[in-house]
Amino acid sequence: MIRKCNAFARYIPYSPYKLRPIVDLLRNKRLDYALRLIESHRNKRVMPVKKVVLSAFANAKNLFDGECNSEIFSICDIRVDQGPMRKYYKPSAKGRAAPQKRRFCHISVVLEVISKL
């Protein structure tokens with residue numbers, strides 16, 4: 001029987017440094033508690049994390065033929081990794097150019113069954 005299910009989101013247009021505190025709240029929590037925690041969060045950066053967690057839950061429902069609910073899963077592993085960086089230049093004072101970095105991140109979620117069906 002399959003005990004784990006995962007989902008990935010790539011090239012999310014937020015810096016991983018800003019998403020990691022949100023993700024740290026969800027690690028090793030039950031799925032229903034984590035979803036309620038995400039819903040009550042006021043920051044708009046939480047939306048890609050919510051989509052990935054719901055995608056992992058949908059993958060788990062597909063593997064278990066739709067016979068499961070969010071109470072039997074926990075978030076075993078959730079990570080935010082650095083993605084590619086887009087470097088560009090903006091005009092600065094005295095005719096100079098100031099380098100800018102646009103950061104992207106990759107999110108991965110692994111759900112684990114905590115009770116038997």
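The values are calculated or read from the model by the stated rules, or taken from the named source; none is laboratory data. Model, not experiment: these values are computed from the prediction. Counting neighbours? That spans all protein chains shown, and the Cβs are built from the backbone with ideal geometry, glycine included. Heads up: the accessible areas ignore ligands, DNA and RNA and are worked out on the full protein's heavy atoms, side chains in. Shrake-Rupley method; radii C 1.70, N 1.55, O 1.52, S 1.80 Å.
Here are a few things to note about the model shown:
- Lone unmet requirement of (1) touching a Gly at 6+ places or on another chain (Cβ under 8 Å); (2) surrounded by 12 or more Cβ atoms within 10 Å (Cβ to Cβ) for M47: (1)
- Any hit, segment 9-23, residues being under 13 Å from the mean Cα position of the chain (by Cα), polar (S, T, N, Q) and surrounded by 15 or more Cβ atoms within 10 Å (Cβ to Cβ): yes
- Verdict on Y33 being surrounded by fewer than 16 Cβ atoms within 10 Å (Cβ to Cβ) and either at positive phi or of a type in the set (F, W, Y) (or both): yes
- Restricting segment 83-108 to residues that are out of contact with any Gly (no Cβ under 7 Å at 6 or more places or on another chain) and of a type in the set (F, W, Y), the residue that is most open to solvent (accessible area, probe 1.4 Å) is Y89.
- Among the residues of segment 1-54, those identified as hydroxyl-bearing (S, T, Y) and over 14 Å from F73 (Cβ atoms) are Y11, Y14, S15, Y17, S40.
- Which listed residue is at pLDDT below 95, over 14 Å from the mean Cα position of the chain (by Cα) and open to solvent by 30 Å² or more (accessible area, probe 1.4 Å), from N28, N62: N62
- 3 or more residues in contact with a strand residue (DSSP E or B) (Cβ under 7 Å, 6 or more places away or on another chain) and over 21 Å from F104 (Cα atoms): qualifying helices (runs of 4 or more DSSP H) within segment 12-71: 46-63
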